[in-house]
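The values are calculated or read from the model by the stated rules, or taken from the named source; none is laboratory data. No experiment lies behind these values; they were computed from the predicted model shown. Note: ideal-geometry Cβ built from the backbone for every residue, glycine included; neighbour counts use all protein chains shown. For accessibility, only protein heavy atoms count, side chains too; no ligands or nucleic acids. Shrake-Rupley method; radii C 1.70, N 1.55, O 1.52, S 1.80 Å.
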Amino acid sequence: MAPSLSEPFSDSSVLIDFVINQGNGVKGLFEMGLKALPKQYIQPLEERMCMTNVQAQESIPVIDMSNPDDPEVKKSICEAASKWGFFQIVNHDVPIEVLENVKDATYKFFGLAAEVKNKYSKEHSLSNNVRFGTSFTPQAEKALEWKDYLSLFYVSEEEAFALWPSVCREQVLDYMRKSEVVIKQLLKVLMKGLNVNEIDETKESLLMGSMRTNLNYYPKCPNPELTVGVGRHSDVSTLTILLQDEIGGLFVRGNDGDNWIHVPPIKGSLVINIGDALQIMSNGKYKSVEHRVVANGSNNRISVPIFVNPRPSDMIGPLPELIENGEKPIYKQVLYSDYVKHFFRKAHDGKKTVAFAEL
């Protein structure tokens with residue numbers, strides 16, 4: 001049952017029950033017609049996006065992948081990974097219709113009734129690999145984030161067919177399959193940039209041994225300036241491949257540290273960012289950069305990231321080839337599952353996770 005609208009969520013337990021336990025998410029809050037943001041979503045001043053800190057004239061590189069073997073393209077990829085940690089790719093090998101289909105499927109999933117989506121919540125899902133949720137880590141957050149998500153950890157096609165929601169299963173699998181070509185192209189170039197000339201089975205497994213796809217839904221928000229869609233963080237992946245819709249709202253930390261750069265939507269493009277695992281494996285040559293998503297008062301927004309990761313059981317640390325070449329390691333070897341657990345047990349906090357692996 002929806003709470004009364006006069007002062008619907010002065011009691012946090014009522015909000016938690018409605019948003020999390022009943023599976024309504026922030027989409028349910030928006031659909032109630034709230035005129036003011038519930039206090040549980042009001043972020044401290046320092047976490048709100050200050051538009052005076054946005055560098056309007058700056059943008060992350062956009063790289064044309066129509067000839068991926070061109071030395072200039074390879075150079076651009078490695079430079080972008082070293083300097084920015086983020087870049088967009090156009091004219092890549094993932095067909096536009098695959099991208100459009102997965103966007104449509106995202107809207108279809110979030111259009112399902114709350115009780116249907118709630119079957120995939122932490123309390124009810126048949127597997128940890130399929131998770132419908134809201135915010136980031138609600139139990140650890142002082143203020144909640146204005147986002148709902150479905151997270152799908154890929155184990156096998158059989159498991160996906162058995163456990164993933166039928167309304168988006170085929171489209172997500174197709175998006176992951178078609179993206180694999182691009183992921184391998186990028187990793188090959190990035191490894192060459194570290195003088196790692198061959199990616200054998202062991203190395204491939206370390207770089208991309210597991211994958212997770214999230215369907216993210218950011219509904220329209222009352223008082224969007226008081227909250228965030230996603231707080232400041234860097235990803236724990238090797239690489240993240242992000243499909244965003246035409247709305248915009250993703251911001252990346254600029255090189256001078258205090259400013260933020262908007263990542264403008266480009267139709268058919270994919271946004272690529274380096275994750276902490278690759279920053280650690282590259283011994284700091286490639287940068288995993290802080291980013292955030294603002295809330296939006298006039299449009300719903302979706303995005304679909306594929307997180308390309310080591311396997312949970314892998315040890316990650318600077319690649320042996322780098323240390324053999326005389327580099328001093330700045331990170332220790334850590335069990336990847338420990339690193340990920342450390343990330344998920346706290347609220348989003350910028351780049352602090354990587355300190356877990358520092359020597």
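Given the options Lys103, Lys188, Lys122, name the one that is in contact (Cβ under 8 Å) with a residue 12 or more places away in the chain and among the basic types (Lys, Arg). Before the answer, list the steps.
Working: Lys188 fails: in contact (Cβ under 8 Å) with a residue 12 or more places away in the chain; Lys122 fails: in contact (Cβ under 8 Å) with a residue 12 or more places away in the chain.
Testing whether each residue is in contact (Cβ under 8 Å) with a residue 12 or more places away in the chain and among the basic types (Lys, Arg) leaves just Lys103.
Which helices (runs of 4 or more DSSP H) sit wholly inside the stretch 250-359 and have at least 3 residues that are open to solvent by 10 Å² or more (accessible area, probe 1.4 Å)?
Numbers: elements: 276-281, 320-324, 336-344.
Passing ranges, in order: 320-324, 336-344.
Filter the stretch 23-55 down to the residues that are of a type in the set (Gly, Ala, Ser), touching a residue at least 60 places away in the same chain (Cβ under 8 Å) and not in a helix (DSSP H, G or I) and list them by number. Explain how you work it out, then say what you get.
Going residue by residue through the stretch 23-55, those that are of a type in the set (Gly, Ala, Ser) are 23, 25, 28, 33, 36.
Cutting the leftovers down to touching a residue at least 60 places away in the same chain (Cβ under 8 Å) gives us 23, 25, 28, 36.
Residues satisfying the conditions are Gly23, Ala36.
When only residues in the stretch 221-249 that are in a loop (DSSP other than H, G, I, E, B) and β-branched (Val, Ile, Thr) count, which is surrounded by the fewest Cβ atoms within 10 Å (Cβ to Cβ)?
Ile247
Could you list, in sequence order, all residues of the stretch 159-172 that are assigned to a helix (DSSP H, G or I) and over 19 Å from Arg311 (Cα atoms)? Don't jump to the end; show me each part of the working.
Here is the first cut: in the stretch 159-172, the ones assigned to a helix (DSSP H, G or I) are 159-163, 169-172.
Phe161, Ala162, Leu163, Arg169, Glu170, Gln171, Val172, listed by residue number.
Of the conditions (1) assigned to a loop (DSSP other than H, G, I, E, B); (2) under 30 Å from Ser298 (Cβ atoms), Phe132 clears all except one; give me its number.
Phe132 satisfies all of (1) assigned to a loop (DSSP other than H, G, I, E, B); (2) under 30 Å from Ser298 (Cβ atoms) except (1).
Which residue, of Glu198, Glu180, is in a helix (DSSP H, G or I), open to solvent by 30 Å² or more (accessible area, probe 1.4 Å) and of a type outside the set (Phe, Trp, Tyr)? Explain how you work it out, then say what you get.
Numbers: Glu198 fails: in a helix (DSSP H, G or I).
Result of the check over Glu198, Glu180: Glu180.
Results for (1) more than 20 Å from the chain's Cα centre (by Cα); (2) farther than 25 Å from Ser269 by Cβ; (3) at pLDDT below 95, shown as yes or no for each residue.
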{"position": "Phe153", "(1), (2), (3)": "no, yes, no"}
{"position": "Leu173", "(1), (2), (3)": "no, no, no"}
{"position": "Val182", "(1), (2), (3)": "no, no, no"}
{"position": "Glu204", "(1), (2), (3)": "yes, yes, no"}
{"position": "Glu225", "(1), (2), (3)": "yes, yes, yes"}
{"position": "Gly229", "(1), (2), (3)": "no, no, yes"}
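Would the stretch 10-22 turn up any residue that is at pLDDT 80 or above, over 15 Å from Asn296 (Cα atoms) and of a type in the set (Phe, Trp, Tyr)?
The answer is yes, given that some residue of the stretch 10-22 is at pLDDT 80 or above, over 15 Å from Asn296 (Cα atoms) and of a type in the set (Phe, Trp, Tyr).
Could you pull out the residue among Lys39, Lys35, Lys74, Lys83 that is among the basic types (Lys, Arg) and closer than 19 Å to Glu145 by Cβ? I'd like the intermediate steps shown before the answer.
Working: Lys35 fails: closer than 19 Å to Glu145 by Cβ; Lys74 fails: closer than 19 Å to Glu145 by Cβ; Lys83 fails: closer than 19 Å to Glu145 by Cβ.
None of the other options fit; the residue is Lys39.
A quick yes/no check of all residues on (1) within 20 Å of Asn255 (Cβ to Cβ); (2) surrounded by 15 or more Cβ atoms within 10 Å (Cβ to Cβ); (3) at pLDDT 95 or above:
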{"site": "Val73", "(1), (2), (3)": "no, yes, yes"}
{"site": "Cys78", "(1), (2), (3)": "yes, yes, yes"}
{"site": "Ala81", "(1), (2), (3)": "yes, yes, yes"}
{"site": "Pro95", "(1), (2), (3)": "no, no, yes"}
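Residues in the stretch 201-219 that are open to solvent by 20 Å² or more (accessible area, probe 1.4 Å) and assigned to a helix (DSSP H, G or I): how many?
7
Determine which member of the set Lys117, Lys103, Lys108 is outside any loop (DSSP other than H, G, I, E, B) and open to solvent by 60 Å² or more (accessible area, probe 1.4 Å).
Lys108
Which condition from (1) open to solvent by 10 Å² or more (accessible area, probe 1.4 Å); (2) at pLDDT 95 or above; (3) not in a helix (DSSP H, G or I) is the one that Glu123 breaks?
Only one criterion is unmet by Glu123, namely (2).
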